[in-house]
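The values are calculated or read from the model by the stated rules, or taken from the named source; none is laboratory data. These figures come from a predicted structure and were not determined experimentally. Counting neighbours? That spans all protein chains shown, and the Cβs are built from the backbone with ideal geometry, glycine included.
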Amino acid sequence: MAQFSQILLPTLRDPPADAEAVSHKLMVRAGLIRQLGAGLWTYLPAGWRSIHKVEAVLREEMEAIGCQEMLMPVLQPAQTWEETGRYAIDELFKLEDRREAPMVLALSHEECLTYHMAREIRSYRDLPLMLFHIQTKERDEPRPRAGVLRTREFTMKDAYSFDRDEEGLARSYELQSEAYGRIFDRSGLRWYRVESDVGMMGGTGAHEYMAPCAAGENEVALAPGYAANVEIASAEPQPVELPAPLAAPEDVETPGLTTIDEVAPHLKLPSGALIKALPVIVEGRGMVMVLIRGDHRLAEIKLGNALGAEFRPAASEEIEAEIGPVGYIGPVGAKVPILKDAAIAPGSYVTGANRPVTHLRGVEPGRDFEFEEVDVRTVEAGDTAPGGGAIEIETAIEIGNIFKLGTRYTVPLGANFLDESGTERPIVMGSYGIGPARIVAASIEQRADEQGIVWPASIAPWRVHLVALGREGDAEREAADRIYEELRAELGADVIYDDRDAGPGEKLTDAELLGCPVRLLVGRRGLADGIVEATTRADGAEHRLPLESAVEGTLGLLDG
RNA sequence: CGGGGCGUGGCGCAGCCUGGUAGCGCGCGGCCUUUGGGUGGCCGAGGUCCCCGGUUCGAAUCCGGGCGCCCCGACCA
């Protein structure tokens, strides 16, 4: 039953004052969700219907590639998490049961499933295998935000593949990747698959699926044939005009000028003609000086990957002790290893002199200091991508990701199999996640207009929104009652019927807010002509459907 | 974790500075009106003013502590 007068569908004229993101405002206004606490949201019936629609797509596409559904607990013993080293993660909720045994709330299910596979898989004959479930995840996020976009509890479709070797993993990964493309296409999203960092999941390779929209928390670098998270993107920099070379570095007095933005204008040079020196303390290695072109920003994840170790910015006292006065440091004469970003082309630059109030001009990498070259800067719009195209940067929501985990979990948890020769080997694993709530939110972010949500038919809470003008007992209501019954016979629960004794403005405004793909309007005017008026939400096109074939006409609009 | 903001009927807000009867709009209930874009009128219900403590004859208002929520940054499988 979906008669507006009978169901819980609390639409609001105004969004909550603290909502910023479009999807946050509209999901609350349209009566899809309500908040319980920071990062904790209740799905009301309409919102839950959309989530279910997404889940149906996920199930179909997973099953289509031979990935089997199962279910694992959220509450888990801490043991396996200690064994994989993930017990230390701050986002992991930790608790004790009544016997004071350490427990966790799962933020992902690698540990649990690998634990089982360690016991169930014995032979190469048991492989490959792909499994998934749709289950609640708990993550103590430092900062939940934007409604349903970043929450502390959410459901996730997480799939896992188990293979005997890297080639097998590559096949499973490709199957999942293709399924992901179909899932996001069916969900009506504009999306990109981008190269990404492996992050806390660990492993040997990863991609993220990104839906561009204003509320996104990620930035993706895009060019024809190229797509990467800016955290790890690489590109050719835009050239910078450098001053004429000098025979040797010369001192320049720069009293009180310690930043690129202060020094560059003073010397009438572009900031790219300066070199920024960033001293960092590398775990187990001590201080290293990273050099970045003055107009560039450090990409911390790229640096971490280049170093292969944890690092932190050096403190002022450490810099003063090992190199020179803060604000005036540079590579020339510095007694620490130097990593030079590849975007610093050969030429003549300005750097700090490692002496008070002094910079050096005419510094040439190689001639005036030794270095190791790395790629650790953040790419910028206009840079040249590997394929030759110009980079554009877009903000995006991460709607899914796929990881080549390799043996990251199977080795610590002892998930092995015997190959044909009787040799015991670790299973090679992949994991593949999608957040249904983010698909819903991203769809709203990308498609909504001034009036409200614009659902694709695949994930709309209802595909048809039938509006009867007039009130109980009126002719239009009786006609609409009949159409509603016929539609239910065809579409089942996929039609909502606004049978309220409310004014036309209220009903039509709510229909636009809720954004179902097809709106049928039964009013006195249309009835006089023997028609109902159908409007498709996405393009606003109106169709006059003869009363006697209104249902057939509606089905036609849904197919088209 | 750093910075900023906010907590007053269901929602959005005013009142606080300068202490004394808690107010407005929307929504909600009843009656009437209206039914092709949130109609109009009359009547009415509904509030521990986030919590604890202090000052005071008296605290939504002043002081102290705490909690919660939002935004920016850091962080983010």
Please go through the range A:448-494 and pick out each residue that is of a type in the set (D, E, K, R), touching a Lys or Arg at 6+ places or on another chain (Cβ under 9 Å) and more than 13 Å from RNA strand B (Cβ to nearest atom). A:Asp494
Inspect all residues belonging to the range A:143-154 and state whether any of them is closer than 21 Å to A:Thr84 by Cβ and in contact (Cβ under 8 Å) with a residue 12 or more places away in the chain. no
Quick one: which strands (runs of 3 or more DSSP E) sit completely within the range A:85-193 and have at least 1 residues that are basic (Lys, Arg) and surrounded by 15 or more Cβ atoms within 10 Å (Cβ to Cβ)? A:129-138, A:153-163
Test result for A:Ile65, in contact (Cβ under 8 Å) with a residue 24 or more places away in the chain, β-branched (Val, Ile, Thr) and away from RNA strand B (no atom under 16 Å from the Cβ): yes
For the range A:348-404, how many residues meet the condition of being of a type in the set (Asp, Glu), under 30 Å from A:Arg150 (Cα atoms) and out of contact with any helix residue (DSSP H, G or I) (no Cβ under 9 Å at 6 or more places or on another chain)? 3
Looking only at residues that are within 42 Å of the chain's Cα centre (by Cα) and of a type in the set (D, E, K, R) in the range A:542-560, which one is modelled with the lowest pLDDT? A:Asp559
Can you say whether A:Asp185 is over 20 Å from the mean Cα position of the chain (by Cα), at pLDDT 95 or above and among the acidic types (Asp, Glu), as far as the supplied structure shows? no
A:Leu71 versus (1) more than 16 Å from RNA strand B (Cβ to nearest atom); (2) outside any loop (DSSP other than H, G, I, E, B): which is the lone unmet condition? (2)
I'm checking my understanding of the structure. Among residues of the range A:339-353 that are aliphatic (A, V, I, L, M) and assigned to a strand (DSSP E or B), which one is surrounded by the fewest Cβ atoms within 10 Å (Cβ to Cβ)? A:Leu339
Would you mind stating whether A:Ser23 is touching a Gly at 6+ places or on another chain (Cβ under 7 Å), hydroxyl-bearing (Ser, Thr, Tyr), farther than 18 Å from A:Ala159 by Cα and in contact (Cβ under 8 Å) with a residue 12 or more places away in the chain? yes
Residue among A:Ala248, A:Ala214 that alone is within 16 Å of RNA strand B (Cβ to nearest atom), assigned to a loop (DSSP other than H, G, I, E, B) and surrounded by fewer than 20 Cβ atoms within 10 Å (Cβ to Cβ): A:Ala214
Enumeration of residues in the range A:30-58 that are more than 16 Å from RNA strand B (Cβ to nearest atom) and touching a residue at least 12 places away in the same chain (Cβ under 8 Å): A:Pro45, A:Gly47, A:Arg49, A:Ser50, A:Lys53, A:Val57
State yes or no: is A:Asp158 within 15 Å of RNA strand B (Cβ to nearest atom), in contact with a helix residue (DSSP H, G or I) (Cβ under 6 Å, 6 or more places away or on another chain) and among the acidic types (Asp, Glu)? no
For residues in the range A:401-442 being polar (S, T, N, Q) and within 13 Å of RNA strand B (Cβ to nearest atom), which is farthest from the chain's Cα centre (by Cα)? A:Ser431
May I ask you to say which residue of A:Val104, A:Val28, A:Val74 is modelled with pLDDT of 90 or more, touching a helix residue (DSSP H, G or I) at 6+ places or on another chain (Cβ under 8 Å) and among the β-branched types (Val, Ile, Thr)? A:Val104
Given (1) farther than 20 Å from A:Asp251 by Cβ; (2) surrounded by fewer than 20 Cβ atoms within 10 Å (Cβ to Cβ); (3) not acidic (Asp, Glu), where does A:Pro356 come up short, assuming only one miss? (1)
Can you find, within the range A:1-29, the residue that is farthest from RNA strand B (Cβ to nearest atom) among those that are part of a loop (DSSP other than H, G, I, E, B), small (Gly, Ala, Ser) and surrounded by 13 or more Cβ atoms within 10 Å (Cβ to Cβ)? A:Ala2
Checking the conditions here, which among A:Gly470, A:Gly492 is in contact with an Asp or Glu (Cβ under 7 Å, 6 or more places away or on another chain) and without any contact (Cβ under 8 Å) to a residue 60 or more places away in the chain? A:Gly470
Out of the strands (runs of 3 or more DSSP E) lying entirely within the range A:265-318, which hold 1 or more residues that are small (Gly, Ala, Ser), within 15 Å of RNA strand B (Cβ to nearest atom) and without any contact (Cβ under 8 Å) to a residue 24 or more places away in the chain? none
Meets criteria (within 18 Å of A:Glu217 (Cα to Cα), within 26 Å of the chain's Cα centre (by Cα), among the charged types (D, E, K, R) and assigned to a strand (DSSP E or B)) for A:Glu398: yes
Expected single match for within 18 Å of the chain's Cα centre (by Cα) and of a type in the set (A, V, I, L, M) among A:Ala170, A:Ala159 is A:Ala159
When every residue in the range A:525-547 that is near RNA strand B (Cβ under 9 Å from one of its atoms) and under 12 Å from A:Val467 (Cα atoms) is compared, the one surrounded by the most Cβ atoms within 10 Å (Cβ to Cβ) is A:Val532
Would you check if there is a residue in the range A:165-172 being among the acidic types (Asp, Glu) and either in contact with a helix residue (DSSP H, G or I) (Cβ under 9 Å, 6 or more places away or on another chain) or within 13 Å of RNA strand B (Cβ to nearest atom) (or both)? no
